[in-house]
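The values are calculated or read from the model by the stated rules, or taken from the named source; none is laboratory data. Note that the coordinates shown come from a computational prediction; the quantities given were computed from them, not determined experimentally. Because the Cβ atoms are built from the backbone with ideal geometry, glycine has one as well, and the counts that use them run over all protein chains shown.
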Amino acid sequence: MAITTLAYVKILADLYTRAETGAPTTASVGAIGDIWLDNSSASATYGKTYECTAINDGPPVTYTWTLLTRDDAKIEIAIDRAEKDYLSIRGIDFETADDGVSPDYPDGADYTAAEMVCYLNSYGTYQGRGEKSESMGDRNAEHDDKLRGYPLSIVGTIERYQRAQ
């Protein structure tokens, strides 16, 4: 299990029109261009998105939903990087869950990691985040303080530890 999920990143990045339970069917009503996010962690298609690409006159009226994967690979790669960066900032490994194998992530780690992924991919409100000001003449730019390349407004919640030597 990763530190955050495809669905969580897509929600923060606002990459969908509607969040639903499960994958759409031909009976799932939508408008052309609607993006359906399966937001049910119990679903086999959790985190996947579908676009309504056709409405077929009936009877009965049916809807064609096409799997939309354009951002999935980029998000999955960024989730892996965000987890490594989170660990680097934290300074110690994650504890393990009761099974002794799975990581036991701190509370809120999924949200912070999802924000890190959105920042890495410049999604929505995360595009340009961390910039204080920018002027056009002579190209001046000021940025918020950063830690490992991320604005402190995102990674400032990560508890940092020093390893004992």
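Results for (1) in a strand (DSSP E or B); (2) in contact with a Leu (Cβ under 9 Å, 6 or more places away or on another chain); (3) not assigned by TED's automatic domain parsing to the domain that holds Ser102, shown as yes or no for each residue.
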{"position": "Ala23", "(1), (2), (3)": "no, yes, yes"}
{"position": "Ser28", "(1), (2), (3)": "no, no, yes"}
{"position": "Leu37", "(1), (2), (3)": "yes, yes, yes"}
{"position": "Arg81", "(1), (2), (3)": "no, yes, no"}
{"position": "Lys84", "(1), (2), (3)": "no, no, no"}
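Assess whether Ile75 counts as being in a helix (DSSP H, G or I), under 17 Å from Tyr8 (Cβ atoms), touching a Leu at 6+ places or on another chain (Cβ under 6 Å) and not small (Gly, Ala, Ser).
Against the criterion (in a helix (DSSP H, G or I), under 17 Å from Tyr8 (Cβ atoms), touching a Leu at 6+ places or on another chain (Cβ under 6 Å) and not small (Gly, Ala, Ser)), Ile75 qualifies.
Are there any pairs, at least 6 apart or on different chains, whose C-beta atoms fall under 6 Å, with the first in the range 21-49 and surrounded by 18 or more Cβ atoms within 10 Å (Cβ to Cβ) and the second basic (Lys, Arg) and assigned to a loop (DSSP other than H, G, I, E, B), and if so, which?
Sorted first by the residue in the range 21-49, then by its partner, the pairs are Asp38/Lys48.
Could you grab me the full set of residues in the range 44-71 that are more than 28 Å from Tyr126 (Cα to Cα) and not in a strand (DSSP E or B)?
Scanning the range 44-71 gives Ala44, Asp57, Gly58, Pro59, Pro60, Val61.
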